[in-house]
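The values are calculated or read from the model by the stated rules, or taken from the named source; none is laboratory data. Nothing here was measured: the structure is a model prediction, and the numbers come from that model. So basically every Cβ, Gly included, is an ideal-geometry build from the backbone, and we count neighbours across all protein chains shown. Side chains are part of the model used for accessible areas, which takes the heavy atoms of the whole protein and leaves out ligands, DNA and RNA. Shrake-Rupley method; radii C 1.70, N 1.55, O 1.52, S 1.80 Å.
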Amino acid sequence: MLFNPDTYDAGHLDPESRRLLRAVIDWFEERGKRRLIADDQARVWYAEFLDFVAREKLFATFCTPAAEAGGNPDKRWDAARNAALSEVLGFYGLQYWYAWQVTVLGLGPIWMSDNAAARAKAAALLDDGAVFAFGLSEKEHGADVYSTDMVLTPTGTGFVANGGKYYIGNGNVAGMVSVFGRRADVEGPDGYVFFAVDSQHEAFHLVKNVVDSQMFVSEFRLEDYPVRAEDVLHTGADAFSAALNTVNVGKFNLCTASIGIGEHAFHESVTHAHNRVLYGKRVTEFPHVRQNFVDAYARLAAMKLFSDRAVDYFRSASPEDRRYLLFNPITKMKVTSEGERVVDLLWDVIAAKGFEKDTYFSMAARDIRALPKLEGTVHVNLALVLKFMPNYLFAPAEHEAVPTRHDPADDAFFWRQGPARGLGKVRFHDWEAPYREHARVPNAALFHEQARALRDLLTEAAPDEAQQRDLDFLLNLGHLFTLVVYGQLVLEQAATAGVDDDLLDQVFDVLVRDFSAYAVALHGKASSTAAQQAWALGVVRKPVVDGGRFDRVWQAVAALSGVYEMRP
């Protein structure tokens, strides 16, 4: 299940994508682990990585839609291979992934724009090796676009822009920065504007890097920056939708980065623990250590299965099929949160080793925390997920089956997602079908029982009016609902990927425990009613115990010891 640079060949992708991914891996491996860690500790700006990106035309190939590719058949926006690149970059370090991620975000409003000149300029800059930036967040307002203080004042030739942006990656070198603001002379949503600026312009003032890191997460200010008609990307409600739709695209890379970090940390941890002897025993002979490793492996497997299947839904989306709007925030908030749990489980085993300065793990333990907090917090995405719950659980609709999408197609729909509204109207296929198909897997069947009980809660002890305003209560309900969706896509992908029943049963062993834990948490909420408390205790389940199954999964985990270690 785990990515191994020594054997990875991306066989599901086309030859040029495979060549470039192999080139990325080889670049990092040839530099080696000592250099990777030393550069991180010294906060070295990754100019050599960006030189490599430019030389190989890596971002140009992966980030240029076919419409702007000038006929180059290798250039396209292909979410399957983008996910692979995101995982590889995360595997070697969040800082390298970040340069890629904020380029994706910066390009979003440009590729969504009707401004052909801006699109052509972006394509040319990408081909020259430029990176991009997304100027949405502000120091006082975060990503609250309703309250932006970036103000455009009309002039005889266009506008001048004044205001600041904060947490803007690549803001020091970006060829184009997509900036969100509002007109001074127009009130409300009609006044929103997305426009492009040059980070090297004299009216662009780089204030500082707001983090102590290799990456440059900038604060910048525009002071009477001239914005011409050819710089405007979107106006009015379209600008607002471009902001949200860009984040829909960018959210996807967070889950695969988290997977990559977790995989590298896992390789390092299991090799260390399995070859360490304490009290006359291998560390991995202790039952609690084996439990931690098996749980971490099962969680990583679920992360990969869910994310791989979610890619299929996004690539197959259309104005009539917007199911991705539920699955994308779950890739962002659930998969990245699971990444934290994986690293914590591993850290509890390797203990002090995780702090040592010559380990990748010390980087992983720090960086894995960032991902649930980017592109909207877990809480924001949970609140979003709740909008889909009624139709998902109670009103299934007919949809054609979504195939596995590894084909080298250009995902043009990403740039024409349409208005960012109507989430409550999105319809889903029968979520219970994959659960019924996997009834042979004991813990999947047990979890299905818990999932069905969620409908009972909503029909027999639904949140009252006060609880519907109680975000603390609703977020816990969101966690329960998220688990149901998570399990569904895990099962769909497991059937396609040929995952064996032992591992799948172990995955659902974890999910049964998680559902029970969230039910107990709901029981303890200050506002929970007697009926809700009774429901909560009634759905607590102990997973089906199978010592043979656990041992077989453990043997698969133990076999990973020494399989991969980054070149020194």
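Residue count for the stretch 318-348 satisfying the condition of being in a helix (DSSP H, G or I) and open to solvent by less than 10 Å² (accessible area, probe 1.4 Å): 16. Among residues that are touching a His at 6+ places or on another chain (Cβ under 6 Å), open to solvent by less than 30 Å² (accessible area, probe 1.4 Å) and β-branched (Val, Ile, Thr), Thr256 is not included.
A single entry from Gly424, Gly418, Gly376 fulfils the requirement of being surrounded by fewer than 20 Cβ atoms within 10 Å (Cβ to Cβ), outside any helix (DSSP H, G or I) and at pLDDT below 95: Gly418. Take the conditions open to solvent by 40 Å² or more (accessible area, probe 1.4 Å) and over 22 Å from the mean Cα position of the chain (by Cα) and apply them to Ala395. Does it pass? No: the conditions fail for Ala395. The residues of the stretch 268-282 that are open to solvent by 10 Å² or more (accessible area, probe 1.4 Å) and either in a helix (DSSP H, G or I) or touching a residue at least 40 places away in the same chain (Cβ under 8 Å) (or both), listed by number, are Glu268, Thr271, His272, His274, Asn275. For the stretch 379-415, name all the residues that are small (Gly, Ala, Ser), modelled with pLDDT of 90 or more and over 30 Å from Ala10 (Cα atoms). If the condition is that a residue be small (Gly, Ala, Ser), modelled with pLDDT of 90 or more and over 30 Å from Ala10 (Cα atoms), then Ala395, Ala397 are the ones that fit. The set of residues in the stretch 211-233 that are part of a strand (DSSP E or B) and acidic (Asp, Glu) comprises Glu219, Glu223, Asp224.
Selection of first residues in the stretch 1-25 that are under 30 Å from Gln555 (Cβ atoms) and touching a residue at least 40 places away in the same chain (Cβ under 8 Å) and of second residues that are of a type in the set (Asp, Glu) and in a helix (DSSP H, G or I), restricted to Cβ pairs under 7 Å at least 6 apart or on distinct chains, gives the following pairs, ordered by first then second residue: Leu2/Glu263; Phe3/Glu87; Phe3/Glu263; Pro5/Glu29.
The criterion of being in a helix (DSSP H, G or I), closer than 24 Å to Val311 by Cβ, open to solvent by less than 10 Å² (accessible area, probe 1.4 Å) and β-branched (Val, Ile, Thr) holds for Val385. The set of residues in the stretch 99-135 that are open to solvent by less than 10 Å² (accessible area, probe 1.4 Å), part of a loop (DSSP other than H, G, I, E, B) and more than 24 Å from Glu87 (Cα to Cα) contains only Ser113.
Selection of the stretch 27-43 for residues being open to solvent by 70 Å² or more (accessible area, probe 1.4 Å) and not in a helix (DSSP H, G or I) yields only Arg43. Is it the case, given these coordinates, that Phe180 is over 25 Å from Asp40 (Cα atoms), open to solvent by less than 40 Å² (accessible area, probe 1.4 Å) and touching a Ser or Thr at 6+ places or on another chain (Cβ under 9 Å)? Considered against the rule, which asks whether it is over 25 Å from Asp40 (Cα atoms), open to solvent by less than 40 Å² (accessible area, probe 1.4 Å) and touching a Ser or Thr at 6+ places or on another chain (Cβ under 9 Å), Phe180 comes out as yes.
Scanning the stretch 214-245 for residues that are small (Gly, Ala, Ser) and surrounded by 17 or more Cβ atoms within 10 Å (Cβ to Cβ), we see that the one that is nearest to Phe49 (Cα to Cα) is Ser218.
Scanning the stretch 513-553 for residues that are out of contact with any Asp or Glu (no Cβ under 9 Å at 6 or more places or on another chain) and among the aliphatic types (A, V, I, L, M) gives Ala517, Ala519, Val520, Ala521, Leu522, Ala530, Ala534, Ala536, Leu537, Val540.
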